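Engineer: One structure, pasted below without further comment.
The values are calculated or read from the model by the stated rules, or taken from the named source; none is laboratory data. The structure presented is a predicted model; accordingly, all values stated were derived computationally and were not measured. Cβ sites come from the backbone with ideal geometry, for glycine too, and all protein chains shown count toward neighbours. Surface areas here come from the heavy atoms of the whole protein model, side chains and all, with no ligands, DNA or RNA. Shrake-Rupley method; radii C 1.70, N 1.55, O 1.52, S 1.80 Å.
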2 protein chains.
Amino acid sequence: MTRYRLVFLGFGNVGQALAQLLLRKRAELLSLYDLDFSVTGIATGRHGSAIDPDGLDLQAALEIVQSGRSLESISKQPSVSGVEFIQACPGDVCFENTPVNYQSGEPAISHLKAALQAGMQAITANKGPVVHAYRELTDLAAQMNRRFYFESTVMDGAPIFSLFRGALPGAELRSFRGVLNSTTNLILTRMETGAQFADAVAYAQQIGIAETDPSGDVDGWDAAIKVAALVTVLMGIPLLPGQVDRTGIGALTLADIQAAKQANQRWKLVCSAKRQDNQVVAQVKPELIPASSPLYAVEGTSSIIEFKTDVLGPLSIVEANPGPDTTAYGLFADFLNAVAARS
Amino acid sequence: MTRYRLVFLGFGNVGQALAQLLLRKRAELLSLYDLDFSVTGIATGRHGSAIDPDGLDLQAALEIVQSGRSLESISKQPSVSGVEFIQACPGDVCFENTPVNYQSGEPAISHLKAALQAGMQAITANKGPVVHAYRELTDLAAQMNRRFYFESTVMDGAPIFSLFRGALPGAELRSFRGVLNSTTNLILTRMETGAQFADAVAYAQQIGIAETDPSGDVDGWDAAIKVAALVTVLMGIPLLPGQVDRTGIGALTLADIQAAKQANQRWKLVCSAKRQDNQVVAQVKPELIPASSPLYAVEGTSSIIEFKTDVLGPLSIVEANPGPDTTAYGLFADFLNAVAARS
């Protein structure tokens, strides 16, 4: 039996859902993978941090954070943050879940570097480091004989990166096309039932899908960063979000959407990329989708991606009802894939 | 660099497509996986067999078979068949692609056992051995430190078994639902455009999808054997095709299908299974599908499966335009997954 020391950097909805998943799966991890875990560090944005080399009481930590108190009360070491926190935690696996920074990928990149340099597996749900430092972090991971994994950055916990890493050996990705931003898809779905744009945005904010400033989603930035991540990792062509030809959903009117519905069609914010010679044409833009397309049935916060390769017909992955629990599963799967040999 | 000696048992459309794929990918296998291959044996149903421990000329073998001649001309050893052929071939990987036997799984089971006992990886596109001898062959493979893989048995080359083996660690499959039989889906799609049942069957036969006797597809047997394979492998509950509650598409009339179309719905032959306590309820039956379902857009020979697990929302895999090339890719992927450590 191997015991892994886990470090949580960021402990919001996703970090807490991961902690709960780990607790629920503890017996299964032992019986199926012969592994156990302790949590040696948790750093939060608003509830302090705690370090205990002998292992924190994870259940107690969840209760402290959920009741709005500070973790300092259960820490065995003085409070530190960021890179210093990682360096102070004895650990084997770092889950980096601090807020995303689209422009630079920082401070997440520095956190993940520090984790790898300390010999930890580096796992994140944060898209910034993937588009801004994929090569650098992957090379550093290889050098340290560790992994830099980030399954949850695109389509939450649905297996996308691991699909190409494991299940599709020798396949060359030629193009993809999909609906990857939950917020805009939910807004468009609400508008199909007659809601005005502003009301649909308010609804998405109310259920915790959209940010207070929804422009990152509405203007297509979140979609563009996902396209950039997929192109960078799966096509091996470094691409920044700013290099994606991007149009948001802001110009779509309720009349457009209702007219499409009458014609048995739907507006979707479509993400796509196509390899051309050694370059790539990448786009985010609203498209009118007929009922015969697999994209048509993707409603609300669900998402889809269709891959074209040199070895299969079009292959699509569809994920319905994502949320913090499914993002947490992506991190959990990355952890197992990083440490456990495949069965 | 490692060189693998490959043995082909069965060399019809799929075996030939696999040979072509291997030849096309040879340079890539060397550069990406540091591996090469030779083909030490090919046994066909109607064109004899050939064995050469030093490696046959695969391109020449393809031409011989495609021109209708016998492989005996290039063999270095006397002609043998079946288990004796496997025992006579020095090999590391056996691709078993003889015709499926729904009742017993033989002679494929004996072929795969002989391959494993001879120290070969056992890879097949044949559903019979999966439903009739999954446990036995998997245990024998483990004992010999080899693999028994069969990705192409369900949804051709689309990653289904490898998804759960690798990309979804720790996920418990609770239920699935899908359209898994290409022939009936093609027939139903043709009938939506006004074709009579008999004409639709004739069309499916003409393009090489349906058998001369189409009852295995039309009566739901092929779908039932796929359900049995998925339940046996992914849910760990041994299930035989006869234990699947099975209704074919024979009772559907053109009027039924046209009426559905008018209502913006479609008839699909739906495969499903649901875990209940330690048992499973498994079914193949025509269902009326609304446009809001991901099953609706699955036309012609395309297929879909939706998985419900304890860790993600519903996750669907859709494969469009399957054929011998995509089945061949499933075998190719099994080969790489069996011999190469993941990257």
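Engineer: Stretched out fully, how many nm does the piece from A:Ser81 to A:Thr253 gain, at 0.36 nm a residue minus the Cα gap?
Structural biologist: Numbers: separation 172, 0.36 × 172 = 61.92 nm, distance 4.56 nm.
Extending this stretch completely gives an extra 57.4 nm.
Engineer: Full extension from A:Ala202 to A:Gln262: what is 0.36 nm times the residue separation minus their Cα-Cα distance, to one decimal in nm? Kindly include the intermediate steps, with their values, before the conclusion.
Structural biologist: Values: separation 60, 0.36 × 60 = 21.60 nm, distance 2.52 nm.
Full extension of this stretch gives 19.1 nm more.
Engineer: Okay, moving on. How tilted is helix B:324-339 with respect to the longest principal axis of chain B? Cα atoms for both, answer in degrees (0 to 90, nearest 10).
Structural biologist: For helix B:324-339, the angle is close to 60 degrees.
Engineer: Follow-up question, since we're still on this one. Could you size up the charge dipole of the range A:27-80 around its Cα centre, putting +1 on the beta carbon of Lys and Arg and -1 on that of Asp and Glu, and report it in debye to the nearest 20? Before the final figure, lay out the partial values.
Structural biologist: Numbers: 3 positive and 8 negative charges, 76 e Å.
Charge dipole of the range A:27-80: 360 debye, to the nearest 20.
Engineer: Normalised radius of gyration for the range A:269-326, please: alpha carbon Rg relative to 2.2 N^0.38 Å, two decimal places.
Structural biologist: On the way: Rg = 13.4 Å, N = 58, 2.2 N^0.38 = 10.3 Å.
Its radius of gyration relative to the 2.2 N^0.38 Å reference: 1.30.
Engineer: Taking the axis that carries chain B onto chain A, what is the nearest Cβ in chain B, and at how many Å, to the whole number?
Structural biologist: Here the nearest residue and distance are B:Gly166, 2.
Engineer: Among B:His111, B:His47, B:His132, which one moves the most in a GNM of chain B with springs linking Cα atoms closer than 10 Å?
Structural biologist: Between B:His111, B:His47, B:His132, it is B:His47 that shows the largest mean-square fluctuation.
Engineer: Placing the label point 7 Å from Cα along the Cα-to-Cβ direction, what are the distances from B:Arg174 to the equivalent spots in the other copies, shortest first, in nm to one decimal?
Structural biologist: B:Arg174 label point versus its equivalents elsewhere: 3.9 nm.
Engineer: In addition: In whole angstrom, how long is each semi-axis of the equivalent ellipsoid of the range A:1-156, when you take the square root of 5 times every eigenvalue of its Cα gyration tensor and sort them from largest down? Let's see the in-between values first.
Structural biologist: Values: eigenvalues 103, 69, 46 Å².
Equivalent ellipsoid of the range A:1-156: 23, 19, 15 Å, largest first.
Engineer: Can I ask one more? Using a label point 7 angstrom from Cα along Cα-to-C-beta, what distances in nm, from shortest up, separate A:Pro78 from the other copies?
Structural biologist: Relative to the other copies, A:Pro78 has label-point distances of 8.6 nm.
Engineer: Sticking with this structure for a sec: Give me the tail of P(r) for the protein assembly as shown as a percent: Cα-Cα pairs with distance above 52 Å.
Structural biologist: On the way: 27336 of 234955 pairs.
Value for the protein assembly as shown: 12 percent of Cα pairs lie more than 52 Å apart.
Engineer: Projected onto the charge dipole of the range B:1-109 (+1 at Lys/Arg Cβ, -1 at Asp/Glu Cβ, origin at the Cα centre), which of B:Gly68, B:Gly41, B:Gln103 gives the Cα projection farthest towards the positive end?
Structural biologist: After comparing all options, I get B:Gly68.
Engineer: Please report the accessible area of A:Lys274 (heavy atoms, 1.4 Å probe, ligands and nucleic acids excluded) in Å², nearest 10.
Structural biologist: 110 Å²
Engineer: Please find the FRET efficiency linking A:Asn145 to A:Arg24, where r is the Cβ-Cβ separation and R0 is fixed at 30 Å, and quote it to the nearest 0.05.
Structural biologist: Numbers: r = 30 Å, r/R0 = 1.00.
Step by step, r from the Cβ atoms, then E = 0.50.
Engineer: Could you tell me what a quarter of the Cα convex hull surface of the range A:295-343 works out to, in nm² with one decimal place?
Structural biologist: Projected area, direction-averaged: 5.1 nm².
Engineer: Straight-line reach from A:Lys274: which lysines have a Cα under 26 Å away, not including same-chain ones fewer than 8 places off?
Structural biologist: Straight-distance partners of A:Lys274: A:Lys127, A:Lys226, A:Lys285, A:Lys308, B:Lys25.
Engineer: Which value, in debye to the nearest 20, gives the size of the charge dipole of chain A about its Cα centre, when Lys and Arg are +1 and Asp and Glu are -1 at the Cβ?
Structural biologist: On the way: 27 positive and 34 negative charges, 107 e Å.
Roughly 520 debye for chain A.
Engineer: Let me ask something else. Add -39500 (n - 2.57) for each DSSP H run of 4 or more in the protein assembly as shown, then divide by its residues: what number comes out at 222 nm, to the nearest 500 deg cm²/dmol? All intermediate terms of the calculation are to be shown ahead of the outcome.
Structural biologist: Values: 22 runs with 256 residues, N = 686.
Result for the protein assembly as shown, helices only: -11500 deg cm²/dmol.
Engineer: With the crude spin-label approximation of a point 7 Å out along Cα→Cβ, what separation in nm comes out for A:Asp57 versus B:Gln243?
Structural biologist: Result: 4.6 nm between the two label points.
Engineer: Something else about it: Hey, got the dipole for the range A:235-343? About the Cα centre, +1 on K and R Cβ, -1 on D and E Cβ, debye to the nearest 20? Kindly include the intermediate steps, with their values, before the conclusion.
Structural biologist: Numbers: 9 positive and 10 negative charges, 35 e Å.
For the range A:235-343, the charge dipole is close to 160 debye.
Engineer: What gaps in nm, shortest first, separate B:Pro290 from its twins in the other copies when you place the label 7 Å past Cα toward the beta carbon?
Structural biologist: Going from nearest to farthest copy, the values are 2.3 nm.
Engineer: Further question: For the range A:288-332 and the range A:41-87, what is the centre-to-centre distance using only Cα atoms, to the nearest Å?
Structural biologist: 36 Å
Engineer: Where does the range B:241-339 land on Rg(C-alpha)/(2.2 N^0.38 Å)? Write out the running numbers ahead of the final one.
Structural biologist: Numbers: Rg = 16.5 Å, N = 99, 2.2 N^0.38 = 12.6 Å.
Against the compact-globule rule of thumb, the ratio is 1.31.
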